[in-house]
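Only one structure is covered here, and it is reproduced in the block below.
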Amino acid sequence: MAISQNVTEVVEIPLSVPFAEFLHIFQLQLLPVLLAEPGVISVRTGTKIRASEDSTHAWAVSLTEWDSLESHAKFVQKSSSVAFFETTGSLSLGPPAIDHYKFGSLAMLGESECTRVIFEKGGLGQKSTGISAASLDHKGFFCGLSPVKVDFDGFPRGVERYFDVLWYSYERKALRSSL
């Protein structure tokens, strides 16, 4: 059995517009570009509802599952991706925070309405009850993902940083059979 090479891109975008406006543009203009891209498996998009740091503006968060880091790199280098990045930039206060992880499949998140995202240096230990992986971009950093309830009051203790995302969009490409 082959080992999954799937790579999840975690993107945090500080928004210059209300999240509802971002989501509308994302679904009409940006999501179709991603879903048409070879190598994209799924895209989840939502907003931070709780976080370890205070914020005066809304944040969009996306988890884009790619079949490989190479597929993502090819997308970034395409001239056709320029409009994608320009549109995203026009909706943000500054550059997004982007990191990549080899979680394998995100299937364990299922159709969960809300996900906790935990970041930690040196490993997560027992702090994440879901899936976790080391950063491919920042040596020594780890990320964990686990479903949580929208009305969950608790927060993780002793972690570097965390946030909870309320998902508004989840799209998964239909896989084509080679049979």
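The values are calculated or read from the model by the stated rules, or taken from the named source; none is laboratory data. All values reported here derive from a predicted model rather than from experimental measurement. Protein only, heavy atoms only, side chains kept; ligands, DNA and RNA dropped before computing areas. Shrake-Rupley method; radii C 1.70, N 1.55, O 1.52, S 1.80 Å.
Here are a few things to note about the model shown:
- Backbone amide hydrogens, once placed in the peptide plane, bring SER68 within less than 5 Å of VAL7, excluding anything fewer than 5 places away on its chain.
- Within the full protein context, the accessible area of VAL17 is estimated at about 30 Å² for a probe radius of 1.4 Å.
- The chain, accessible surface, carbon-and-sulfur percent (1.4 angstrom probe): 56 percent
- Residue-averaged [θ]222 nm for the chain, counting only DSSP H segments that reach four residues, each worth -39500 (n - 2.57): -4500 deg cm²/dmol
- Hz values of 3J(HN,Hα) by residue in segment 140-149 - Karplus curve (6.51, -1.76, 1.60), Gly and Pro given as x: x, 9, 10, 9, x, 10, 8, x, 9, 7
- For LYS78, the lysines whose Cα comes closer than 26 Å to its Cα, not counting residues fewer than 8 places off in the same chain, are LYS102, LYS173.
- For the set HIS138, HIS72, solvent exposure ranked by accessible area (probe 1.4 Å, protein chains only) runs largest to smallest as HIS138, HIS72.
- Segment 6-67: C-alpha gyration tensor shape, a/c 1.5 cut-off, then a/b vs b/c: oblate
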